[in-house]
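I have placed the structure first, in the form of C-alpha cells, so that the comments after it can refer back to it.
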Amino acid sequence: MSTTLEHVWLGRVPYREAWGLQRRLAAARARGEIGDLVLLVEHPPVFTMGRNGLPAHLLGGADHLVARGAEFVEVDRGGSVTFHGPGQLVAYPILSIAEVFPAAGDGALGDVIAYLRALEEALIATVGAYGVGASRRPPYTGIWVNHEKLAAIGVKLASGVTTHGVALNVSTDLGWFAEVLPCGIADAGVASMASLGVTPLPRVHEVGTSFAAALAGAIGRQPSRAGEAIRSVIAGAQPAPV
C-alpha cells in the first residue's frame, strides 16, 4: 500500500478532455501501473448532469444553458446538476478505495461513505486555512456555510477505483448557478470564498495544493507532486470518447 498521495495541477482543461483523462488514469490505477493521485483543474463554463438529475433541475433547459455560452454534459457520477467554470477548483481523486477505506468482510470493495466524509473533511480543512468556517449539512454531501453550498461532491466507483470528485468555489461567477437548481436542492444558495470575504483571495492552483495536502492527511498519506509514472500517462493520453 502506498504511503503517498500524488497530485498534479493541469490548469484550465475542457471538461470532456478531463473526463477522458480520468478514465485513462483510473484504468492505469486499476492495473497497478500508477499510485493514487489527485488531478487538479479548472474548467471553461460547463454544466454537468449526474445520474440523479431531473429535467426540472435545468430550469430553462439544456439548450438555454448552451445559448448562455456553457457546455452541457450528462455524466456518470452521482448527484444532479452543477456548474464548473473559471475561478473554481475541481479535484478528481483517482484512488484504489479498498486500500484507503477497506469495507468490512470484503477486501475487494471499499467504504464509499467513509470516502465521502474524508472528502468533506479535506474541504473543510482547506477553506478553514483561509479563515472560512464551513461544515457538513446532512443528509446532503459537500460543505456549507449556513445554507449556502461552498463545495459540491459527486463521485463514481468502478473496478475499485474512484473518479469524479469535488468542486470548490474560489472566485467563481456565482451568477451561473442561477440558471439551474444546483445539486437538485431547492432550499440552498451557493457561496464562494470570494463572496464570503476571503482576502487576500488565493489563486485556484494554490487552493488545489492545499486541498491535495488536506486529502492526503484525511486518508493517512503524505502529499507529493506527481511522479514520472503518472506524468507519462497524462502526457501520452488522448481523451477517450464520451
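The values are calculated or read from the model by the stated rules, or taken from the named source; none is laboratory data. Only a predicted model underlies this, so the values are computations on that prediction, with no experimental measurement involved. Ideal geometry is used to build each Cβ from the backbone, glycine not excepted, and the neighbour counts take in all protein chains shown.
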* Tally of residues being touching a residue at least 12 places away in the same chain (Cβ under 8 Å) and more than 12 Å from the chain's Cα centre (by Cα) across segment 66-78 -> 9
* Asked: Which one of 224, 192 is of a type outside the set (A, V, I, L, M), over 15 Å from residue 128 (Cβ atoms) and in a loop (DSSP other than H, G, I, E, B)?
  -> 192
* Structure fact -> Over segment 144-184, the set of residues in contact (Cβ under 8 Å) with a residue 40 or more places away in the chain, surrounded by fewer than 17 Cβ atoms within 10 Å (Cβ to Cβ) and within 21 Å of residue 70 (Cα to Cα) is 173
* To do: Tell me which residues, restricted to segment 29-51, are among the charged types (D, E, K, R) and more than 20 Å from residue 11 (Cβ to Cβ).
  => 29, 31, 33, 36, 51
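Here is a yes/no grid of residues against (1) in contact with a helix residue (DSSP H, G or I) (Cβ under 8 Å, 6 or more places away or on another chain); (2) buried (at least 17 other Cβ atoms within 10 Å of the Cβ); (3) within 17 Å of residue 215 (Cβ to Cβ):
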site: 78; (1), (2), (3): no, yes, no
site: 87; (1), (2), (3): yes, yes, no
site: 93; (1), (2), (3): yes, yes, yes
site: 113; (1), (2), (3): no, no, yes
site: 128; (1), (2), (3): no, no, yes
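Does residue 141 satisfy the criteria of being buried (at least 16 other Cβ atoms within 10 Å of the Cβ) and either modelled with pLDDT under 95 or of a type outside the set (A, V, I, L, M, F, W, C) (or both)?
Numbers: buried (at least 16 other Cβ atoms within 10 Å of the Cβ): yes; either modelled with pLDDT under 95 or of a type outside the set (A, V, I, L, M, F, W, C) (or both): yes.
When the stated conditions are applied, residue 141 passes them.
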